[in-house]
Amino acid sequence: MGQPIVALLMGSKSDLPKLQSAIDTLKEFGIDHTVRIMSAHRTPDAVMDFTSNAAANGCKVIMAAAGGAAHLAGVVAAHTTLPVIGIPIENGAFQGFDALLATVMMPGGVPVATVGVGSGGAKNAALLAVRILALSDSGILEKLEIFRCTQAERVKSADADLQLELGNN
Ligand code: RP5
């Protein structure tokens, strides 16, 4: 793998299984990336150090995942001008609703593009990173267009199968 252009940060190792769809998607698109555990609360210095140097180190998009009182994405956004994508993690008493609100309700001036809770949200975070990168990389754009066509074909094929099962012409 080359120099990472996307960073996926998570607040705890316990978040990792919930981020598999994001990691798989970055791999599917061949995006050089790094995956790191660092916490806004438990290792704030590491978050600040990594994030404030990320752009200079070649990173173009930061994805930040956390559950509960999910401050990671917001703290990351406070320390960089790179686009930050927040991934609320489903965890504990409120099944991710707490993390969703904590991640999405940023004060004006410090944007975090927040995706949904769950596997679809994590996948969309990676796809959003891919879309941002595709703005300036025609190779990634081409892969994105193929991805969209393949996805649409899959739905059409499922519908055709369903119509056969239902005996419709
Ligand atoms: C958050 O606290 C992490 O992102 C994780 O979702 C949650 C719980 O962490 P652990 O207690 O499982 O390490 O900061």
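The values are calculated or read from the model by the stated rules, or taken from the named source; none is laboratory data. What you see is a predicted model; the values in this text were computed from it and never measured. Cβ atoms come from the backbone with ideal geometry, glycine included; neighbour counts cover every protein chain shown. Surface accessibility is based on the protein's heavy atoms, side chains included, excluding ligands, DNA and RNA. Shrake-Rupley method; radii C 1.70, N 1.55, O 1.52, S 1.80 Å.
Per-structure values
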quantity: Order by protection proxy (mean Cβ within 10 Å, highest first), peptides 127-134, 107-114; calculated: 127-134, 107-114
quantity: Placed amide H near Ala64: partners under 5 Å, 5+ positions off or other chain; calculated: Leu9, Ile85, Gly86, Ile87
quantity: Candidate aspartates and glutamates - alpha carbon under 17 Å from Lys143, same-chain residues fewer than 8 apart omitted; calculated: Asp24, Glu28, Asp32, Glu153
quantity: The range 1-132, accessible surface, carbon-and-sulfur percent (1.4 angstrom probe); calculated: 57 percent
quantity: q = 0.23 Å⁻¹: log10 I(q)/I(0) that the Debye formula gives for the range 49-137, counting C-alpha atoms only; calculated: -1.10
quantity: Longest to shortest principal axis, alpha-carbon extents of the chain, angstrom; calculated: 62, 41, 30
quantity: Alpha-carbon centroid distance for the pair the range 39-57 / the range 125-169, whole angstrom; calculated: 35 Å
quantity: Partner lysines for Lys18 [C-alpha distance under 18 Å; skip if fewer than 8 residues away on the same chain]; calculated: Lys27, Lys123
